[in-house]
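Take a look at the structure below.
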Ligand SMILES: [Zn+2]
């Protein structure tokens, strides 16, 4: 069975502004509520933890608060045992007309890299442009942060300097919950089917790990976890953790010829030298170039083995294949030369979303941004977020959109109220424009 869609995005683009999207006023009515909501969310600690089996107590507290709040909006809402909150909004179009499914996500954990407990947000209205002195000598200044200069006269939020702010990604969560509130309170806003997910554990690289595709598997996915001013991440590193383990054989090395003792360090060193070439180390890589890095070597006494942990990073599939080919040959040769047993394990962490995004996703986004007077700033990043994790694990890609967060994972993290509001308007416009798309499913044998 083959299924494909026909999209009438052009119709949406030609549909002129104001009356077609009277919702612009609808959005304005929710602006004042966004900062209080954001402040409330960041005051609930929800750090994720690299060493946790899965859920931290803070995140559990957060998802309970969010679930209660969201459920009250009246849409079908599901809290999974793993702490994912799903909202599946059915189409309210005439006759229940179906359109491609729009997906919107954000993550409610905050990074374990920096203290995020007991956050005291400082709301600064009509920012005067002067340096902002936080505790512990942290300073926010327009000299070192050019984007802050654009905030003069506007509202920003900072931490008090003893913690981060948690705008990563409570800004995204604020946008998503405000969108849900808007749709619940304004049934006149037409929409097709919309799937929402709020995830845990993004900042420990695990937000897609227990995602349930029964509740979240949209045609077009947009993750609200990016920076400012229309930033849109349309591509990212594919990231793999490759672990090579060489098993030695126990015995006294002086009588190795007789007792079969085998050293494991030399073959591992040989493999590392063959795979991690100087020209593909991280310090030689920039732009869209990939890299290979052996970032850790460990010894396991129980199995008398040495392991090297490699990072493979690449935008281009061919680069990834090249790295793997190099590794394969080095391992085969090492087995031959040294006579040792070698194991290779590969774990895919991120995949470039470019491989799995439908081309119409960008057309739809541009239309939604245009209606919010936001200029798309398309970027590819040498990192990855939820969209890249979903791509690696579940094979469908999405874009990561701006939220108003600045300097994430730092004491000087701050939020632009204006950018957060604009991102919310883009989210609402995505819902409206997606409702104008048409779906025609055709089946062929
Ligand atoms: Zn984030």
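Throughout, read-outs are computed from the coordinates displayed, never taken from laboratory work. This is a predicted model, so every value here is computed, not measured. Methodologically, a virtual Cβ is constructed for each residue, glycine included, from the backbone with ideal geometry; neighbour enumeration extends over all protein chains shown.
Some points to look at:
- Over the C-alpha trace of the chain, radius of gyration and Dmax come out as 24.8, 89 angstrom.
- Helix-only mean residue ellipticity at 222 nm for the chain, each DSSP H run of n ≥ 4 adding -39500 (n - 2.57), per residue, nearest 500: -10000 deg cm²/dmol
- A quarter of the convex hull surface defined by the alpha-carbon atoms of segment 181-296 gives 13.5 nm² as the mean projection.
- Ordering of 162-171, 134-143 by burial proxy (mean other Cβ atoms within 10 Å per residue, highest first): 162-171, 134-143
- Sorted ascending by nearby beta carbons within 10 Å, beginning with the fewest, 99, 403 become 99, 403.
- Rounded D (µm²/s) - segment 238-350, Kirkwood Rh over Cα pairs, Stokes-Einstein at 10 °C, 1.306 mPa s: 108
- Tensor-based shape of segment 373-416 (alpha-carbon gyration tensor, a/c under 1.5 rounded, otherwise prolate or oblate): oblate
- In terms of the mean number of neighbouring beta-carbon atoms within 10 Å, the peptides 368-379, 114-125 order highest first as 368-379, 114-125.
- Model label points for residue 300 and residue 143, set 7 angstrom from Cα along the Cα-to-Cβ axis, are 5.3 nm apart.
- Oblate is the label for segment 341-414, because a/c, from the alpha-carbon gyration tensor with a ≥ b ≥ c as root eigenvalues, is 1.5 or above and a/b does not exceed b/c.
- Residues of segment 351-382 with amide N under 15 Å of a point placed 7 Å along Cα→Cβ from residue 93: 364
- When only alpha carbons are used to place a centre, segment 311-379 and segment 55-77 end up 33 Å from one another.
- Packing-based order for 44-53, 204-213, using average beta carbon neighbours within 10 Å, highest first: 204-213, 44-53
- Between segment 25-47 and segment 137-214, the alpha-carbon center distance in angstrom: 9
- The modelled label-to-label distance for the pair residue 272/residue 341, using points 7 Å beyond Cα in the direction of Cβ, is 2.3 nm.
- Inter-label distance, residue 263 to residue 250: 2.1 nm, where each label sits 7 Å from its Cα along the C-beta direction.
- Per-residue extension of 0.36 nm, minus the Cα-Cα distance of residue 64 and residue 123, leaves a gain of 18.7 nm for this segment.
- Residues within the reach of a label modelled at residue 113 (point 7 angstrom out along Cα to beta-carbon, backbone nitrogen below 16 Å), restricted to segment 40-60, are 47-51.
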